[in-house]
Amino acid sequence: MKRMGKKNDKHMFLRIWLRAGIPILAAMVVVLYILLYFALISIEMINGSRVERISVEMAYRLSNTDMTDKTAIEEQLDSLSDFDMVGILFDRDGSEIARSDADRYMDAGEELIAQYHELEETILEIYTGNDRIRKNQVYGFAPNYWYVESPVWTPQGEYVLYCAGVSSFWQSRGGNLVPMGMGIFAAVVILTLCIAWSYYKLYKKQQAMEAAYSQKVNALAHSLKTPMMVISGYSENFLAEIEVEKRMHYAEKILENVNRMNAVVEEILEFTN
């Protein structure tokens, strides 16, 4: 029976942890996901604002550049690669004047150069009015592509600068966020175990109190049973006895045990209050 009790105690702790811990862990995972998602969205929106700001600054620099000097224009546009951006300049008639040269930055890596060329192709599709291109939609766990159109006014005429950039904080820094999230998850697991252990201790205390209560009730019941048996025996003798002296003795004993019963009843009342 003791072994069964120990097994039940172990199972009770596990049941308490499952009932209290699993909902907390599930809620924590949902909250962490929501917080992470909105944090990533906020960071990506800041990156989008950065692309827009750099595009405006580049348009201002080009407005002070001689539009007949293609080399000077390309040098300005090539500086966009320092911000992981590309740019293409069009005149008012829709002809391409110049674009940033991603191939100049071979140390950037083939993957990044291919990304630059993809951005340039998308700019051309946007400029030609391809409605299938979804511009500047913000994603938390996927790369975000930013496309900005900025007017350029120069003494030679009006031009349009299209800049594009890509950002993904999750892909670049997600590897650092995962261990942090796992650490928070482990801390919450430990917290739920502590909470479950507190509930388990309360459960054990309640069990001990119930056992003590049951033991006390049993003891009081036995305390009542003894004088009742005595009263029963003396009552039978009282009825069967003819001599007055003995009947008086039996009556005294009956009264004595009635008083004992009254004391036990008072103890029961004190115990239950």
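The values are calculated or read from the model by the stated rules, or taken from the named source; none is laboratory data. Just so it is clear, the structure is predicted and the values come from calculations on it, not from any experiment. Note that we place each Cβ from the backbone using ideal geometry, even for glycine, and neighbour counts take in every protein chain shown. Remember, those area values only see protein heavy atoms, side chains included, never the ligands or the DNA or RNA. Shrake-Rupley method; radii C 1.70, N 1.55, O 1.52, S 1.80 Å.
Just need log10 I(q)/I(0) for the stretch 28-90 at q = 0.13, 0.27 Å⁻¹, Debye formula, equal scatterers on the alpha-carbon atoms, no solvent, rounded to two decimals.
Reported log10 I(q)/I(0), two decimals: -0.49, -1.11.
What order do you get for 176-188, 258-270 when each peptide is scored by the mean count of other beta carbon atoms within 10 Å, highest first? Mind showing how you got there, number by number?
On the way: 176-188: 11.6, 258-270: 13.3.
Highest-to-lowest ranking by the protection proxy: 258-270, 176-188.
Please enumerate, by chain and number, the aspartates and glutamates with C-alpha under 16 Å from the C-alpha of residue 216, excluding those fewer than 8 residues away in the same chain.
266, 267, 270
Need one value: the accessible area of residue 101 in square angstrom, 1.4 angstrom probe, rounded to the nearest 10.
60
What aspartates and glutamates does residue 70 reach when the alpha-carbon gap must be under 16 Å and sequence neighbours fewer than 8 apart in one chain are set aside?
78, 91, 96, 101, 158
At 7 Å along Cα-to-Cβ for each site, give me the label-to-label distance between residue 258 and residue 207 in nm.
With each label point 7 Å from Cα toward Cβ, the separation is 4.6 nm.
With viscosity set to 0.692 mPa s at 37 °C, what whole-number translational diffusion coefficient in µm²/s follows for the chain from Stokes-Einstein and a Kirkwood radius over Cα pairs?
Details: Rh = 27.1 Å.
In µm²/s, the coefficient rounds to 121.
Given the rule -39500 (n - 2.57) for each run of at least 4 DSSP H residues, summed and divided by the residues of the chain, what is its mean residue ellipticity at 222 nm, to the nearest 500 deg cm²/dmol? Write out the running numbers ahead of the final one.
Values: 5 runs with 190 residues, N = 273.
After summing the helix terms and dividing by the residues of the chain, the value is -25500 deg cm²/dmol.
Quick one: Kirkwood hydrodynamic radius for the stretch 113-241, alpha-carbon pairs, angstrom, one decimal?
Details: mean 1/r = 0.0421 Å⁻¹.
Computed over Cα pairs of the stretch 113-241, the Kirkwood hydrodynamic radius comes out at 23.8 Å.
Round to a whole number: what % of the accessible area of the chain belongs to carbon and sulfur, probe 1.4 Å? It would help to have the intermediate numbers written out before the result.
On the way: 10700 of 18190 Å².
Answer for the chain is 59 percent, counting heavy atoms of protein chains only.
How much accessible surface does residue 95 have with a 1.4 Å probe, in Å² rounded to 10?
The value for residue 95 is about 60 Å².
Keeping all protein chains in place and using 1.4 angstrom, which order do 11, 222 fall into by accessible surface area, from largest down? Walk me through the intermediate numbers first.
On the way: 11 95, 222 120 Å².
Reading off the accessible areas and sorting them downward yields 222, 11.
What is the Cα centroid distance between the stretch 62-82 and the stretch 7-55, reported in whole angstrom?
Distance between centres, Cα-based: 46 Å.
Just how large is the dipole of the chain about the Cα centre, in debye to the nearest 20, putting +1 at every Lys and Arg Cβ and -1 at every Asp and Glu Cβ? Please list the in-between numbers first.
Details: 27 positive and 36 negative charges, 610 e Å.
For this selection, approximately 2940 debye.
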